[in-house]
Structures are given as structure tokens and as C-alpha cells.
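First the structure, in the form of C-alpha cells, and then the observations on it.
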Amino acid sequence: MKEQTKNLEYLYSMIKVFPALFWFFLVLSFSACTIEEARPSKKQEIVIASDCLESKDVILFHSFEKSLGIQIEIRHFSSDSLKQLLVREGVETEIDVVILSSIYAMNQLDNSNLLQVIQSEKFPKKLAKNYRSKKSTWAGIGIDPYVIAVSKDSTNKIKNYADLLDESHTIDSLQNAAFYYPFYASILHKSGNKNRRNSVNWIKKMNQNSAEYASMKDTVVSNSIYLTSYSEFHLKKNNDFKIIFPNQSNGGSFYNMACFGIVNQARNYENALAFFDYILNESVNKRLNNRWKIFPILSTKKSSYPYQNNEFKKTNWSPIFLEHFYPRIRKILK
């Protein structure tokens, strides 16, 4: 009798459960019919970090955004703060591309393993190999010569960098490591082993002149001679001085380069490669380098920016391969 009672209770409980299960599956089926379709993927973009571009400079790349539908965002950093940010954020970083004003600054990122190797077939074919880093992790995109600025009324005859120390009013305005490291590396390279001691003394003297320039707070001294970069000279906007490209009869002027690289954790790698190719279009490269007041990496036809048509002889070896001199320069300047 007890066994029958248990069976009846079990049957009754199952009768109560089945309607609940029925309504559960009915609601589930209805919900499945009303689930939203997958949303489109997020809009295409590329995030650029730079020490020489501002957020407003995105206008320079309007044709890229319009033709490919890839939105560009520019974030301005000093090269040091950018390095710290990339180390801190690691794989979480939103930055895809770095554009820096100097070989030295880009080399610092590369030495911290923050840049991605760009496969040889991915490099724009128009870019010569001597403008690519040894590890194929970054490349030059603009040329910034080291020039000598002489007052227009001066009678000084300056033809070579070596002439600078023969003048009592020579001033080195390369106060930023990003600019004097590539220059001093060029000096050490050209001197060779035989004249290395003279070059070391030359660098020490020019470094002292740099301290003198800093103490003057940009005051122009009559008959002074300034060793400077082409970009810095134009930032000063001083019409009392003229520019000389040194060493034109002997190997050509030394130069620094604005550089491009893709970070290791780039979320938009293919977009970054497309942008790399885009900024090496000759007309785009001239426009971009005009923003910095330096010279395009490519120049097969006349530029619409008159100063870029100035003919100057560059050294036939690229400063991109001279970073092995940097530790030696560091010791000299201690």
C-alpha cells in the first residue's frame, strides 16, 4: 500500500513538472527567434604614436582615409614617454604605428624589442634597402641634413664640418640626443681608426659649444656659426642666416631621418602596412616631409615645395647602420 502511494505521488509530481518544462522550452524557442544578428565588425582604423605629428595632422592623410575607409588617429608623445607607454601596456596597447623624428629615437624602441619585423616582401619596393634597418623592423621616411647656418653678412668660408672648430663663434645647437647621436656617429665613421682621437676631441669640443648655446637661450650672436639640423633651422625662422650644406665636394652632408615602424602588438597590422606604402607615394612623402621642413626620401620629379628642390649631396652611406657607435659616443660625452 505504501509502495502504491509513493508511485502515485511520483506520477503527480511529474504531471506538474511537464507543463513547466513545456513553457520553458516554448519561451526558449521564442527567444531564439528574436536574438539580434551579429553586429558588423568595428570600423577600420590605425593608431599612430609620434613625436613629430600632432592630432590635427591627420588632415595630411585625408586621401588615405577616404580611399581605403581606414580612420587614422594620431597621438603625440615624446620618444621617451612613448617607450615607457609601450613597455607598460604590452599586448594591451592600442598603438599600431610609430613615427619618430630621429634614427636614434627609433633605435631605442628597437633595442627594447618593441618593433615588429617587416617581411622583405611587405616593404614597399620603392624604398631603397639602405633606408631599412638591419633587422627590417623600421625604415627612414624623410631626410634631415646637418647643416651650418651662417649670418648673411659673414665673410666666413665654411665648406666642411671640420672647419667649424677653426671658428671662435661656432655653436652646436644639437641639444637633443636624438639629433647629436646620429651626427657624432657620422663623424666617428668618417674618421676611421687612424683619426679616431681627433674625432673624439672634436666631439668633446662641439659638446661644450652645445652647452654654451643652451645658456644663451636662443639669443642670436652676431657673426655666430651654428651647426644645426635643417628642420631646427626652419623652426627658428631667422632670416638673418643662410644655410650651407657641408662636405658637398667630399662625400656629402651627414643626415638624420624621420622613421616609421610597426609595434609588436599592432592590432591593425594590415592597415599599418597599407599606410606604410601610402606615405611612400612620392607626392604624399613630399607633403609629409614638408610638414617637418625636411627632404623627401624619394625624389624623381620636381616638388611643389620649392625648398625640396634644393640639390645637396648626401653621404653615400646611410646613418641607419651606424648605431653601433652609440655606446662609444655615450662614453665620450660622460
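The values are calculated or read from the model by the stated rules, or taken from the named source; none is laboratory data. This one's a predicted model, so the numbers in the text were calculated from it and none came from an experiment. Don't worry about glycine lacking a Cβ; one is built from the backbone with ideal geometry, like all the others, and counts go over all protein chains shown. These area figures cover heavy atoms from the full protein model, side chains too; ligands, DNA and RNA do not enter into them. Shrake-Rupley method; radii C 1.70, N 1.55, O 1.52, S 1.80 Å.
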Cβ-Cβ under 6 Å pairs, at least 6 apart or on other chains, region 239-265 side over 30 Å from A49 (Cα atoms) and polar (S, T, N, Q), far side modelled with pLDDT under 90 and open to solvent by 10 Å² or more (accessible area, probe 1.4 Å): N247/N160
Failed criterion for M106 (all others in (1) crowded, with 23+ Cβ neighbours inside 10 Å; (2) farther than 28 Å from P327 by Cβ hold): (2)
Spans of helices (runs of 4 or more DSSP H) in region 230-334 with at least 1 residues over 23 Å from F64 (Cβ atoms) and out of contact with any helix residue (DSSP H, G or I) (no Cβ under 8 Å at 6 or more places or on another chain): 230-236, 326-332
Of all residues making up region 66-124, the number that are within 12 Å of the chain's Cα centre (by Cα) and in contact (Cβ under 8 Å) with a residue 60 or more places away in the chain: 16
Filter result for the condition that a residue is touching a strand residue (DSSP E or B) at 6+ places or on another chain (Cβ under 6 Å), more than 22 Å from G140 (Cβ to Cβ) and modelled with pLDDT of 50 or more, over E9, E73, E54: E73
Hey, Y131 touching a strand residue (DSSP E or B) at 6+ places or on another chain (Cβ under 9 Å), under 24 Å from K293 (Cα atoms) and open to solvent by 20 Å² or more (accessible area, probe 1.4 Å) or not: yes
Selected residue (only one of I262, I329 is within 18 Å of I141 (Cα to Cα) and either at pLDDT 90 or above or out of contact with any Ser or Thr (no Cβ under 7 Å at 6 or more places or on another chain) (or both)): I262
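Yes or no, residue by residue, for (1) open to solvent by less than 40 Å² (accessible area, probe 1.4 Å); (2) modelled with pLDDT of 80 or more; (3) more than 21 Å from F295 (Cα to Cα):
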{"residue": "V150", "(1), (2), (3)": "yes, yes, no"}
{"residue": "D153", "(1), (2), (3)": "no, no, yes"}
{"residue": "Y161", "(1), (2), (3)": "yes, yes, no"}
{"residue": "E167", "(1), (2), (3)": "no, no, yes"}
{"residue": "S173", "(1), (2), (3)": "yes, no, no"}
{"residue": "Y181", "(1), (2), (3)": "yes, yes, no"}
{"residue": "K217", "(1), (2), (3)": "no, no, yes"}
{"residue": "S222", "(1), (2), (3)": "no, no, yes"}
Tally, over region 121-138, of residues that are in a loop (DSSP other than H, G, I, E, B) and over 27 Å from V87 (Cβ atoms): 5
